[in-house]
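Each remark here refers to the structure printed beneath this line.
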Amino acid sequence: MRHLNIQHIALTVAVSTSILATAGCSTKKDAPLVTEASASEVTQTLQRQSASYIPKAVIYKTNGDYNDNVPITLSADGKSVASFPAPTDLRENSTPLPVGNGWLLDRRGGISINTAFLTYTYEQYRDLPQAPSVTQLLDSVIPDARVIETKTLPITYSQAIANPSLVEQYAK
């Protein structure tokens, strides 16, 4: 199971809604449904909307040193797995980046208050031939290892990586 990209889903819903809303509009019998100007306006609107869905960088704190432990997302009650990475989803640079004062930059995406950490290290998990079963994942959760605070930054992940000193301003 791969982590769903919420921003991608939101953009798809926004575009679908725009199309459905436009389809329901009535026009004069002789008037064209879409003019060049309105098509251009729609394109510009969609570009602005998609720009607003670009994922922002997230920094977080944990209640221990779990920097090298693979994170998964649990349900709100913590009893079931909501999402987890495939071993092929993890790369050498997937581990979080320390940015000061105990804050870590999420380099994978998906860290939240519902994140738990596995006994698997990133290296061990990457070497698996396939993802563990949900039961194995739940059995591998480090008890009480949690994210205790998150901050969504007003910059993208790419901007955060390019300018670590900017991220440090938010890690206070």
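Read the figures in this text as sums done on the coordinates, not as results from a lab. As the structure is a computational prediction, the values presented were derived from the model and not from experiment. Cβ placement follows ideal geometry from the backbone for every residue including glycine, while neighbour counts extend to all protein chains displayed.
Some notes on this structure:
- Counting other Cβ atoms within 10 Å as a rough exposure proxy, the listed residues Ile148, Ile111 run Ile148, Ile111 from fewest neighbours to most.
- The range 94-109 - phi-based ³J(HN,Hα) in whole Hz, Karplus 6.51/-1.76/1.60, Gly and Pro as x: 7, 5, x, 9, x, 10, x, 6, x, 8, 10, 8, 6, 9, 10, x
- What the Cα atoms of the range 56-170 give is an Rg and a Dmax of 13.9, 41 Å.
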